[in-house]
1. Scanning for something touching a residue at least 40 places away in the same chain (Cβ under 8 Å), touching a strand residue (DSSP E or B) at 6+ places or on another chain (Cβ under 8 Å) and either in a helix (DSSP H, G or I) or surrounded by fewer than 18 Cβ atoms within 10 Å (Cβ to Cβ) (or both), does region 246-262 turn up at least one residue?
2. How many of the residues in region 19-49 are in a loop (DSSP other than H, G, I, E, B) and out of contact with any Pro (no Cβ under 8 Å at 6 or more places or on another chain)?
3. Every residue in region 18-49 that is closer than 18 Å to Arg225 by Cα, of a type in the set (A, V, I, L, M, F, W, C) and open to solvent by 10 Å² or more (accessible area, probe 1.4 Å), please.
4. Mind counting the residues in region 87-127 that are touching an Asp or Glu at 6+ places or on another chain (Cβ under 6 Å) and surrounded by fewer than 24 Cβ atoms within 10 Å (Cβ to Cβ)?
5. Under 6 Å between Cβ atoms, at least 6 apart or on separate chains: pull out the pairs that start in region 177-206 with a residue that is at positive phi and end on any residue that is open to solvent by 20 Å² or more (accessible area, probe 1.4 Å) and not in a helix (DSSP H, G or I).
6. Quick check on this structure: which one of Lys52, Lys58 is surrounded by fewer than 23 Cβ atoms within 10 Å (Cβ to Cβ), in contact (Cβ under 8 Å) with a residue 60 or more places away in the chain, part of a helix (DSSP H, G or I) and in contact with a strand residue (DSSP E or B) (Cβ under 9 Å, 6 or more places away or on another chain)?
7. Can you work out which of the residues in region 266-276 that are modelled with pLDDT of 90 or more and open to solvent by 20 Å² or more (accessible area, probe 1.4 Å) is nearest to Ser159 (Cα to Cα)?
8. Just a yes or no: is a residue in region 133-151 surrounded by fewer than 16 Cβ atoms within 10 Å (Cβ to Cβ) and closer than 30 Å to Arg16 by Cβ?
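The values are calculated or read from the model by the stated rules, or taken from the named source; none is laboratory data. Note that the coordinates shown come from a computational prediction; the quantities given were computed from them, not determined experimentally. Reconstructed Cβ throughout: ideal geometry from the backbone, glycine too, with neighbour counts over all protein chains shown. Calculation scope for accessible area: heavy atoms of the full protein, side chains included, ligands and nucleic acids excluded. Shrake-Rupley method; radii C 1.70, N 1.55, O 1.52, S 1.80 Å.
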Amino acid sequence: MRSDNVTKGAERAPNRSLFYALGYTPEDLEKPLIAVVSAHSDIVPGHMNLDKLTDAVKSGIEAAGGTPFMVPAIGVCDGIAMGHVGMKYSLVTRDLIADSTEAMAMAHQFDGLVMIPNCDKNVPGLLMAAARVNIPTIFVSGGPMLAGRLEDGRRSCLSHMFEAVGAYKAGKLDEAGVEDYENNACPSCGSCSGMYTANSMNCLTEAIGMGLRGNGTIPAVWSARLRLAKHAGMQIMELVERDIRPRDIMTEAAFHNAETVDMALGCSTNTVLHLLAIAQEAGCPVDLALFNEISEKTPNLCHCLLYTSP
C-alpha cells in the first residue's frame, strides 16, 4: 500500500510512534489509511453540517475495513464575502484548497481520499486536488439548503433575497418586507438554494463520476445525506482495492458528459471556469469552444431546483 511509506519497516518506527500518539493501534496501521477531507466550519451555512457527514464517512470507512483520518479544508462563504473586500479573496481560495490538500495527501501518504466540500470554491478546488494527486478518491457534498417560505406562504430562496434588496431600493418593498425575506429565505444549513456555483458543481461532480448518485440533489438536512456519506466511506475502500483513480474516471468523455448536464440544468456560468481548470489538472484539457457546441444541441430542462421546507 502507499501508506507503507509511513507505517512499515524498522526505519518507520518514529513515524509509527506518532500514529500511536494519535491513539491509533498497530491493527489500524495494517489497514488502508484514508483521509477524510472535510470543509466543516462555523462560518459557512453550507459547511455547518459537514461534521456529521464526516462522522458518517468515517463510520463507512471503518465498516469496510479502512482507517480514517479527518483533515481540514478551508472554504469561503461567497454570500458573506460579497459586497466588500472579502470577494477579492474568494476565487484564490480554490487554488489554496487544491494546493493544501495536495500537501496533506502527499506528506502523509494516504491510500485514498474522501472529499467533503459544499460551496463555490472548495468543490472545484478539491476536484483539482483529486486529479493532481491521483489516488483513489470519492466525493460526498454537504447538500443543498431547503427553500424557505415567507409569512404569507410564498416560497423563497436566496435569489429572492437579493431581489428584495433591489425592490427596497426601488421603493417597491418596505423594511418589514425585507425583514420577512431576511428571516425566511435561508431556513436551513446547506449550499444556497438556487443553481449557484455550489449546487451546480455538486451536480457536475456526480455527472463526472466522482460522487455517488444523489450527491448533487439530496438536501443537506435529510437523513439520506448521512446514508450517502456512509456509502461513500464504504465505496472508497473498493476504489482503493481496485486501484481506481480520479484520472481513470475524469476522462475527456466524462467532462463532455458534465458539460451536457451543465447545459441541461442551466448551471452557474462559473462552471465553465472550474471545469476548464479541473480538466487541465486531469490531463485532458477542454476547449472553451466545446461549451458552445454542446449548448447548441442540448435542451435546457430547468433553471434551478428548490426544495420546499415542510
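1. yes
2. 16
3. Within region 18-49, just Met48 meets the criteria.
4. The qualifying residues number 1.
5. Note: pairs meeting the criteria are Gly194/Cys304.
6. Lys58
7. Asn270
8. no
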